[in-house]
Amino acid sequence: MSSSEKRPGRLHLNAFLMSVGHHEAAWRLPESDPYADLDVEHFKNLARIAERGKLDSLFLADGPVLWDQVGRRPSGVLEPTVLLTALAGATSRIGLIATASTTYNEPYNLARRFASLDVVSGGRAGWNIVTTAGLDAARNFNLDHLPAHKERYERAAEFVDVSLKLWDSWDDDVIVADKETGVWGDDTRIYPPAHQGRYYSVAGALNVPRSAQGHPVLVQAGSSENGRNFAARYAEAVFTAHQTLTDAQEFYDDLKRRAVEFGRDPDHIKVLPGIVPIIGATPAEARALEAELERLIRPEYALAQLAGLLGIEASELSLDAPLPAHLPEEEQIEGAKSRRTLVVNLGRRENLTVRELIGRLGGGRGHLTFSGTAVQVADKIETWYESGAADGFNIMAPVLPSGLTAFVDQVVPILQERGRFRTEYTGRTLREHFGLPRPANRNTTAATADAVFR
C-alpha cells in the first residue's frame with residue numbers, strides 16, 4: 001500500500017462499561033451517581049447510548065474477587081452474563097461481551113451461561129476469556145496459592161476446547177417439531193463431547209441449542225507470551241493495552257503472524273487496544289478535566305494496587321520518587337505479566353515519579369489515555385488504524401455517562417464522515433458486526449467429510 005492510499009475497511013468500536021467511568025476518581029465528580037454500579041437502569045442507558053452510536057459491542061470486565069478496597073471507588077460488580085441478559089432486552093443490535101474465568105469455573109456451566117445469553121440476544125454474545133491473576137481470587141476457591149501462569153493457560157486451552165465441543169453438541173437442524181409423528185428432535189444429530197482430558201471430564205451434550213451465530217465470539221485480553229499464543233489459537237477479538245504506537249504495531253504484527261502459523265485467517269482476529277478519551281471543546285478544556293480527575297485520586301489506595309502489580313510491598317514505593325531501581329522481572333510475576341511490564345516501561349521511559357505514574361494509571365490502568373478535542377481523538381484513532389496498530393478500539397470513557405455520550409455524539413460522526421465507521425448496522429449478530437464467519441459445526445463437517453471420503 002502506497003503512502004497516499006488509505007487502509008481499506010472500517011474500524012470496530014466497543015464500549016467498555018465500568019460503573020460511573022474508568023477513572024478511579026470519576027465517582028467523586030458532582031455529576032456522578034456513586035450508587036450507579038448496582039443500578040440496572042444506569043447500564044441500560046449506557047447500552048442505548050452505545051447502540052445509538054452503532055458501536056459493535058458492550059464489554060463488561062469481571063473477576064471472582066472484591067476489587068481493591070471499597071474505600072477507593074464504587075466496588076459492586078453485578079455478574080456480567082446476568083447484567084448483559086437485562087441489556088439484551090433493552091437493545092436490539094449491539095453485541096454483548098462478558099468476562100469469565102477459566103480458572104474458577106467449569107466448562108459445562110459456563111458454556112451453558114454463554115449459550116443462553118447468545119440465544120436470548122439473538123446471537124450477540126461474546127466471551128472474554130481470562131485466566132485470572134491474583135492470590136485473592138485463588139483464596140476464594142479453596143486454594144492457598146495462585147496457579148502458575150503457564151498452568152492457567154494450559155487449563156484455559158482445554159476449557160475452551162471443551163466449550164467448543166459443547167456448543168457444537170447440537171446440530172443446527174436438531175429440532176424437527178413434527179407434531180404428526182410426535183418427534184420433537186432428531187437424536188442422531190446430538191453429539192455428546194465424551195471428553196476426557198488432563199483437567200476436565202465432560203460426558204454429555206449441552207442442554208442449549210446452537211445460536212444464530214453458531215457460538216459466542218471468543219475474546220481474549222492477555223499479552224504475555226502465553227497470552228499471545230492462546231489468542232492466536234482461539235481468539236476472534238483481542239483486547240490489549242499499549243502506550244505507544246510502536247508497541248501497538250509490534251503486538252499487532254506479531255499476533256497476526258502467530259494466527260497464520262495456527263492456520264487461521266489473520267483477518268478473523270480483531271486487535272482492539274483500549275483508549276481512555278478525555279474529550280473537551282478545546283484541548284485546554286480536556287486537559288482541565290484530566291487534571292481535576294487526577295487531583296481527586298486518593299494515592300494511598302493506588303499505591304497498594306501498584307505495589308501488587310509490581311510484586312513488591314507498598315512501603316517500597318515513595319510517591320515523589322521514581323520506581324525503585326530493582327523490581328521483580330516479568331518471569332518472576334505469576335499475575336498480570338504483560339501489564340506489569342507495560343507499567344514499568346511507562347514509568348522508566350518517561351522518568352515518572354510514583355505519584356505521576358499513579359495519575360497516568362488512574363484512568364485506564366495502563367491503557368492509553370488521550371485528552372483533546374473530538375477531532376483530535378478521531379485523528380488518534382484513525383492514525384493507529386492506518387498505521388497497522390489496531391483494527392479498532394475498546395472505548396473506555398473516563399466518566400459515565402457523559403464520556404460515552406461525548407464520544408458517540410462528537411467522535412463517531414467524524415469517523416463516519418471519513419468513511420471509517422458504519423452509519424447503520426448491516427447485521428444482527430456480533431459476528432456480523434466484526435465481519436467474522438459463522439463457524440461450521442465440527443461434528444457435521446467431519447461427518448460430511450467422512451461421507452465424501454467413503
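Brief remarks follow.
- Residue satisfying condition, being assigned by TED's automatic domain parsing to the domain that holds residue 429 and buried (at least 21 other Cβ atoms within 10 Å of the Cβ), within set 75, 57: 57
- Helices (runs of 4 or more DSSP H) wholly inside the range 70-166 containing at least 1 residues that are under 21 Å from residue 200 (Cα atoms): 107-120, 135-139
- Test: residue in the range 109-127 that is under 20 Å from residue 240 (Cβ atoms), crowded, with 18+ Cβ neighbours inside 10 Å and at pLDDT 95 or above: yes
- Single residue of the range 380-401 satisfying the filter (touching a Ser or Thr at 6+ places or on another chain (Cβ under 9 Å) and closer than 29 Å to residue 32 by Cβ) that is surrounded by the fewest Cβ atoms within 10 Å (Cβ to Cβ): 399
For (1) of a type in the set (A, V, I, L, M); (2) modelled with pLDDT of 95 or more, each residue gets a yes or a no:
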{"position": "201", "(1), (2)": "no, yes"}
{"position": "228", "(1), (2)": "no, no"}
{"position": "238", "(1), (2)": "yes, yes"}
{"position": "259", "(1), (2)": "yes, yes"}
{"position": "273", "(1), (2)": "no, yes"}
{"position": "286", "(1), (2)": "yes, yes"}
{"position": "292", "(1), (2)": "no, no"}
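- Subset of the range 31-41 that is closer than 21 Å to residue 72 by Cβ and either among the hydrophobic types (A, V, I, L, M, F, W, C) or touching a residue at least 40 places away in the same chain (Cβ under 8 Å) (or both) - its residue that is surrounded by the fewest Cβ atoms within 10 Å (Cβ to Cβ): 31
- The numbered conditions (1) surrounded by 20 or more Cβ atoms within 10 Å (Cβ to Cβ); (2) within 30 Å of residue 136 (Cα to Cα) are all true for residue 305 except (1).
- Total residues in the range 1-51, condition part of a helix (DSSP H, G or I) and within 18 Å of residue 403 (Cβ to Cβ): 15
- The condition of being within 20 Å of the chain's Cα centre (by Cα), assigned by TED's automatic domain parsing to the domain that holds residue 231 and within 22 Å of residue 226 (Cβ to Cβ) does not hold for residue 261.
- The set of residues in the range 136-146 being in contact (Cβ under 8 Å) with a residue 40 or more places away in the chain and surrounded by fewer than 18 Cβ atoms within 10 Å (Cβ to Cβ) consists of 136, 140, 141.
- Only one entry of 325, 288, 314 meets the criterion of being of a type in the set (A, V, I, L, M, F, W, C), free of Cβ contacts under 8 Å to residues at least 24 places away in the same chain, within 27 Å of residue 381 (Cβ to Cβ) and not assigned by TED's automatic domain parsing to the domain that holds residue 412, and that entry is 288.
- Pairs with Cβ under 8 Å, 6+ apart, first in the range 220-234 and closer than 21 Å to residue 265 by Cβ, second acidic (Asp, Glu) and surrounded by fewer than 24 Cβ atoms within 10 Å (Cβ to Cβ): 228/254; 232/261
- Some residue of the range 154-170 being without any contact (Cβ under 8 Å) to a residue 24 or more places away in the chain and farther than 18 Å from residue 99 by Cβ: no
- Unique residue being out of contact with any Lys or Arg (no Cβ under 9 Å at 6 or more places or on another chain) and assigned by TED's automatic domain parsing to the domain that holds residue 424 when the list is 87, 96, 29: 29
- Every residue from the range 181-194 that is within 17 Å of residue 208 (Cβ to Cβ) and surrounded by 10 or more Cβ atoms within 10 Å (Cβ to Cβ): 184, 185, 186, 189, 190, 191, 192, 193
- Answer from 183, 208 - the residue that is within 27 Å of residue 438 (Cβ to Cβ) and in contact with a strand residue (DSSP E or B) (Cβ under 7 Å, 6 or more places away or on another chain): 183
- Cβ separations smaller than 8 Å between residues 6+ apart or across chains give no pair from the range 88-100 residues that are within 10 Å of residue 429 (Cα to Cα) to residues that are modelled with pLDDT under 95 and in a loop (DSSP other than H, G, I, E, B).
The values are calculated or read from the model by the stated rules, or taken from the named source; none is laboratory data. A quick note: this is a predicted structure, and the numbers were derived from the prediction, not measured. For neighbour counting, all protein chains shown are included, and Cβ atoms are generated from backbone atoms with ideal geometry for every residue, glycine included.
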